[in-house]
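Here's the structure we're looking at; comments come further down.
The values are calculated or read from the model by the stated rules, or taken from the named source; none is laboratory data. This one's a predicted model, so the numbers in the text were calculated from it and none came from an experiment. Note: ideal-geometry Cβ built from the backbone for every residue, glycine included; neighbour counts use all protein chains shown.
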């Protein structure tokens, strides 16, 4: 029995899943604390700061992260050092450029930015970008090497420290949102120092960087960047556009963010298993074992689809209780928005793993095209829901507008799922219904093979 448990804890799928479960749980706790610390308008400002920061992070690390995971999985020891050095130089260069742009924009358009609700982002993100660069580089390299146990340690410290401060602030300190931002900066700085001390970030390999390896990362990354930015826009465009609405504003952002945050329950298995599937699929593709690529795709996408059916049923039944637990009684009216998101979750696995498969087959351009189609559909749908619907139906309520925005998410994900499957089928002979057959087989006969 002990031997089985030890073997389970050593399994990379289990480490990735348990890690993401812990990270998401801590994220939920921080969200619960913040909704009870600040009124809707102030909490909405924090959400805009975080959303904009995550969006820029996608751009910063989109150029390198996916490429690093793919190339490191098949590189020898010496080439890994060259790739790590090139990765650091690219990341630092992009960070400098972004910092200069944001600081200049804040100096030139300070009054406009202050009135928009994005002042925290423009003022503090340039500093955060430098403070968390080693930390994020370290996470990327650890994922590429499938060191999910080490990711678990450092991310738990990072998120856990911040949650601890939020709890102390709620009960004792009673400080404002600016203090929360500064604490966030300090936690990321300490996390980066730990990663650097342990040698996980790759900074010592900068001298080994070569122009060839820099170009290799950028050639792949130019597509992966667009894919990651587009993927982030799929989640954050709703928040950005709601924030621009004169009707909804920061309060609307706060209302929408509660059911949206609950969808991170779906991201736990999705992120965990895609993180383990991508290096496996990439290695098989590099070795031209395309039957293995297809098998991994079928198994992961099918199994998680069946898992999400159960999660969606539970979410729909207990939607009101979930939003009250997360945001408090004042957010109870957003339960139906979460029910819409539960339906959206049913289409996520196949959408995610078609993109993962395309990247593993070295077709990042196709994955980018898929994401751009989805992003365009989402943004157009959001603009119609938020700005056009009000003109057509003047009596429409804010909650109904937010429901329309959530419904657009379902339509956009279906478009992405179908587009991704069409693109993948051109590269790899696959059949749609084999996804469900392999997913069923996973739970009936193959689950014991998964954690081996």
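Points to keep in mind about this one:
- Pairs are defined by a Cβ separation below 8 Å, a sequence spacing of at least 6 or placement on different chains, a first member in segment 309-336 that is in contact (Cβ under 8 Å) with a residue 24 or more places away in the chain and on the phi > 0 side of the Ramachandran plot, and a second member that is surrounded by fewer than 19 Cβ atoms within 10 Å (Cβ to Cβ) and part of a helix (DSSP H, G or I); the pairs so defined are 328/36.
- Residue selection: residue 54 fails the criterion of being in contact (Cβ under 8 Å) with a residue 40 or more places away in the chain, surrounded by fewer than 23 Cβ atoms within 10 Å (Cβ to Cβ), under 20 Å from the mean Cα position of the chain (by Cα) and farther than 30 Å from residue 243 by Cα.
- Selection count where residues are part of a helix (DSSP H, G or I) and over 18 Å from residue 138 (Cβ atoms), scope segment 187-217: 7
- Test: residue 161 is part of a helix (DSSP H, G or I) and either farther than 30 Å from residue 252 by Cβ or touching a strand residue (DSSP E or B) at 6+ places or on another chain (Cβ under 9 Å) (or both): yes
- Residues that are in a loop (DSSP other than H, G, I, E, B) and either in contact with a helix residue (DSSP H, G or I) (Cβ under 9 Å, 6 or more places away or on another chain) or closer than 11 Å to residue 146 by Cβ (or both) within segment 273-290 comprise just one, 289.
- Only one of the listed residues (209, 272) is crowded, with 23+ Cβ neighbours inside 10 Å and farther than 30 Å from residue 114 by Cα. That residue is 272.
- All of (1) at pLDDT below 90; (2) within 23 Å of residue 247 (Cα to Cα) hold for residue 352 with one exception: (2).
- Helices (runs of 4 or more DSSP H) contained entirely in segment 340-450, each with at least 3 residues that are in contact with a helix residue (DSSP H, G or I) (Cβ under 7 Å, 6 or more places away or on another chain) and in contact (Cβ under 8 Å) with a residue 60 or more places away in the chain: 348-360, 364-383, 398-427, 432-441
- Counting only helices (runs of 4 or more DSSP H) wholly contained in segment 43-121, the ones carrying 1 or more residues that are within 18 Å of residue 238 (Cα to Cα) and modelled with pLDDT under 90 occupy 110-116.
- Qualifying residue in segment 174-181 (condition: closer than 24 Å to residue 139 by Cα and either modelled with pLDDT of 90 or more or out of contact with any helix residue (DSSP H, G or I) (no Cβ under 7 Å at 6 or more places or on another chain) (or both)): yes
- In the set (1) more than 20 Å from residue 60 (Cα to Cα); (2) modelled with pLDDT of 90 or more, residue 152 fails one condition alone, (2).
- If you check 364, 429 for being surrounded by fewer than 16 Cβ atoms within 10 Å (Cβ to Cβ) and either farther than 22 Å from residue 304 by Cβ or modelled with pLDDT under 90 (or both), only one passes: 429.
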